[in-house]
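Below is one structure; the comments refer to it alone.
Each value in this text was obtained by applying a stated rule to the coordinates, not by laboratory testing. Note that the structure is predicted; figures quoted are calculated from it, not measured. Cβ atoms come from the backbone with ideal geometry, glycine included; neighbour counts cover every protein chain shown.
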Amino acid sequence: MADTIKLHDLEFMPYLSETEIGKIVDEVSIKINEKYAGKSPLFVVILNGAFMFASDLIKKVNVECEISFLRVSSYRGTASTGEVKEMMPIGTNVSGRDIILLEDIVDTGNTMGEIKQQMKDAGANSVSICTLLFKPDAFKGNYLVDFIGVEIPDRFVVGYGLDYDGLGRNLPSIYQIRPNT
Ligand code: IMP
């Protein structure tokens, strides 16, 4: 893994390597395959951040499934705005379906809370949340996060789909903001 990187005005240190991420993705896929055996879930990939996680994870899913995409935005810079804007509707009927929301990171939990509620209102049979990263110290939701890759401290991270003001999504590993930046 490379050393410290700079994106815009901030510096980031290596945090999770490609190998570590690969192991985490494997573990999550095993749990999903167990829980959804015999079912036909609909994955809803939350864009933009979850595209890399979703691509790696879904390749390891061995149950019959469908995949859809939902584009939302609630972050500006390194802070959540608390307001979730849906920018691209899912375009698939979720009524009666077993939904698995695929997210890169659950931070305050606002985004997932709102989307989960929207899916339930639209008549989903069940709605699970699967996230690669979870920040327990930032989480304010009153719902369960069903599948968690790894819990991380409440510090801003980039890479593997996650961005800082548009940059960093292409990095194959995850970096954490450098202390005192
Ligand atoms: P929440 O609604 O506060 O849980 O925020 C979820 C969304 O904020 C995620 O889908 C990410 O796009 C973004 N986000 C939260 N924390 C980070 C971070 O540390 N780095 C990059 N994006 C983040």
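What 222 nm value per residue comes from the helices of the chain, counting each DSSP H run with n ≥ 4 as -39,500 (n - 2.57) and dividing by all residues, nearest 500 deg cm²/dmol?
Values: 3 runs with 38 residues, N = 181.
Value at 222 nm, helices only, nearest 500: -6500 deg cm²/dmol.
So what J values fall out for the stretch 150-160 if you push phi through Karplus, 6.51 cos²θ - 1.76 cosθ + 1.60 with θ = phi - 60°, rounded to Hz, Gly and Pro as x?
Along the stretch 150-160, the couplings run 8, 8, 10, x, 7, 10, 5, 10, 9, x, 6 Hz.
Can you list the residues, at least 5 places off or on another chain, whose amide H is less than 5 Å from the amide H of SER173, using H built in the peptide plane?
Here TYR160 satisfy the definition.
Relative contact order for the chain using alpha-carbon pairs under 8 Å, separation at least 6, rounded to a whole percent?
It rounds to 25 percent for the chain.
Given the peptides 40-51, 168-179, arrange them by the average over their residues of other C-beta atoms within 10 Å, most packed first.
In descending order of packing, they fall as 40-51, 168-179.
Could you rank the peptides 123-130, 142-149 by their average count of other C-beta atoms within 10 Å per residue, with the highest value first?
So the peptides 123-130, 142-149, ranked by packing, come out 123-130, 142-149.
Going by the alpha-carbon gyration tensor, a ≥ b ≥ c the square roots of its eigenvalues, is the stretch 7-162 rounded (a/c under 1.5) or, if a/c is not under 1.5, prolate (a/b greater than b/c) versus oblate?
oblate
How much length would be gained if the chain were fully extended between LYS31 and SER55, taking 0.36 nm per residue of separation minus their Cα-Cα distance, in nm to one decimal?
Answer, rounded to one decimal: 7.0 nm.
Taking every DSSP beta bridge that has both residues in the chain, what percent is antiparallel when rounded to the nearest 5?
Antiparallel bridges: around 40 percent, rounded to the nearest 5.
Within the chain, how many Lys pairs sit with Cα atoms under 15 Å apart, leaving out pairs fewer than 8 places apart on the same chain?
The result is 9.
Within the stretch 147-161, find all residues whose amide N lies under 20 Å from a label point positioned 7 Å from the Cα of GLU20 along Cα-to-beta-carbon.
Residues 148-161 fall inside that zone.
Taking amide H atoms as placed 1.01 Å from N in the peptide plane, list the residues 5 or more away in sequence, or in a different chain, whose amide H sits under 5 Å from that of SER68.
PHE43, VAL44, VAL45
Quick one: if you stick a label point 7 Å off each Cα along the C-beta vector at ALA138 and SER95, how many nm between them?
3.7
For THR19, THR78, THR111, what ranking results if the residue with the fewest other Cβ atoms within 10 Å of its Cβ goes first? Provide the component values of the computation, followed by the final result.
Numbers: THR19 10, THR78 14, THR111 25.
Least crowded to most crowded, the residues run THR19, THR78, THR111.
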